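Beneath this line is the structure, given in structure tokens, with notes to follow.
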Amino acid sequence: MKIAVPRDAYPGETRVSLIPEHVAKLVKAGAEVSIESGLGQTLRIVDDQYAEAGAAVVADRNTLIEEADMILRIRKPLPEEVDRMKAAGIYISLLDPFNERELIDRFMAKKISAISMEMIPRITRAQKMDVLSSQANLAGYVSVILAAERLDRILPMMMTPAGTISPAKVFVIGVGVAGLQAIATAKRLGARVEAFDTRPVVEEQVKSLGARFVKIDLGETGQTKDGYAKALTEEQLQKQRQGMAKICASSDVVITTAQLFGRKSPRIVTAEMVHGMQKGSVILDLAVEGGGNVAGSQLDQEIDVNGVLIIGLGNLPGRVAVHASQMFSSNLYNLVEEFWSTEEKQFNMNFDDEIIKGCVITHQGEIVNEMIANHYADK
Ligand code: NAD
């Protein structure tokens, strides 16, 4: 089986989908791996390192794509790249399948088996393939580092002969993978941290990191079988905003990470709440790519609203591209390895397997993923 790794076509993407370490492992398992020349450039990995790992280095992306049985990448292909792919080939990357109807149609027309890394189910066996977790973890870390750098004060308490400085207050809204790492990072830097999530199970985790869990009575909330939050009613969101306005007003940094799987992110911090905050404070909207949690946040922009800085920078894991790539590459390798037959030297899609059922979106010209099929059936 020929596995190809083209560079990502997304402007500004600094991450690399497959690093030489995992190329070598795939070659050892019997795969023929080709990479596009310059693949590792952003990480200062040169073509020779890929060649040493056993990959063929191809200069022309079109040739690489046309000859591949399987393509590995960080993000979706360009439309014309799908048309170039071998019929019935496999494409694996983040695909944002809830919002990419046209791309899905294109995959179907070419009978491509499209695998969406976002859709890997959250079961123990699949944790090693879970890019949402590996990348969110880094995003949580970067969010605090960025906010700390933009703030014109320090995070820790300092007692010096020149006086005592009290610790900065950081409020984390949404405590999934990113939120937990944001709490841990802010604590390590010495901040006083408070956090809130609609899933009550999170309280223990927040406390175990030494942060305070903010309690707001919203009535029935809860989570799905995959551990994702259920959407709140407008009335519940209203209560949540009221409960949070005071905490935002006294915080130096607010980090929002609230997401709803397959849906637009909830709008939690209103313009009024932003106006109630102290001048000089910083809001970091980590959900900006999914619609944003904060009124006024804009993708890839930092906006000053009445002295409050709203940061909406996207692709935070791309700011620590070495580790983000290491983890992404490992997640991709683990997925391929799980379904790889060393005797047949190929990837076998077993549709009885929960992981394959969860992450394969299109196969043999049809949408085979139940959740995605239902999503588009309603449209
Ligand atoms: P996510 O990125 O979908 O959402 C981030 C957080 O936002 C979640 O904790 C969610 O509850 C919260 N949220 C949603 N609406 C909110 C609102 N209105 N106000 C405040 N918070 C709100 O979540 P995630 O990081 O992917 O993690 C979800 C859960 O899945 C976590 O408990 C995580 O530990 C778990 N998980 C399990 C596995 C596994 O393999 N078992 C793997 C990864 C994550």
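Quick look at the values:
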read-out	value
Filter result for residue 286 (crowded, with 17+ Cβ neighbours inside 10 Å, at pLDDT below 90 and touching a Ser or Thr at 6+ places or on another chain (Cβ under 8 Å))	no
Among the residues listed as 15, 75, 84, 44, the single one being in contact with a Pro (Cβ under 7 Å, 6 or more places away or on another chain) and farther than 17 Å from residue 339 by Cβ	15
Helices (runs of 4 or more DSSP H) within the range 1-70 that include 2 or more residues among the polar types (S, T, N, Q)	61-67
Among the candidates 307, 243, 314, 280, residue that is of a type outside the set (Phe, Trp, Tyr) and under 30 Å from residue 74 (Cα atoms)	314
Residues being under 23 Å from residue 15 (Cβ atoms) and part of a helix (DSSP H, G or I) - total across the range 85-106	4
Checklist (1) modelled with pLDDT of 90 or more; (2) over 20 Å from the mean Cα position of the chain (by Cα) applied to residue 200, failing item	(1)
Top-ranked residue in the range 143-179 [being crowded, with 24+ Cβ neighbours inside 10 Å and within 14 Å of residue 319 (Cβ to Cβ); ranked as farthest from the chain's Cα centre (by Cα)]	147
Failed item in (1) touching a residue at least 40 places away in the same chain (Cβ under 8 Å); (2) buried (at least 18 other Cβ atoms within 10 Å of the Cβ), with residue 310 passing the rest	(1)
Residues within the range 330-379 that are assigned to a loop (DSSP other than H, G, I, E, B) and within 17 Å of residue 107 (Cα to Cα), tallied	5
Filtered residues of the range 231-260 (kept if hydrophobic (A, V, I, L, M, F, W, C) and farther than 14 Å from residue 198 by Cα)	245, 247, 248, 249, 253, 254, 255
Cross-chain or 6+ apart pairs with Cβ under 6 Å, the range 227-241 first and under 16 Å from residue 269 (Cα atoms), then more than 10 Å from the ligand (Cβ to nearest atom) and in a helix (DSSP H, G or I)	none
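Conditions (1) hydrophobic (A, V, I, L, M, F, W, C); (2) closer than 22 Å to residue 131 by Cβ, marked per residue:
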position: 147; (1), (2): yes, no
position: 150; (1), (2): no, no
position: 161; (1), (2): no, no
position: 173; (1), (2): yes, no
position: 184; (1), (2): yes, yes
position: 196; (1), (2): yes, no
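The values are calculated or read from the model by the stated rules, or taken from the named source; none is laboratory data. Owing to the predicted nature of the structure, the values given are computational and were not obtained by experimental measurement. Heads up, the Cβs are rebuilt from the backbone with ideal geometry, glycines too, and the neighbour counts pull from every protein chain shown.
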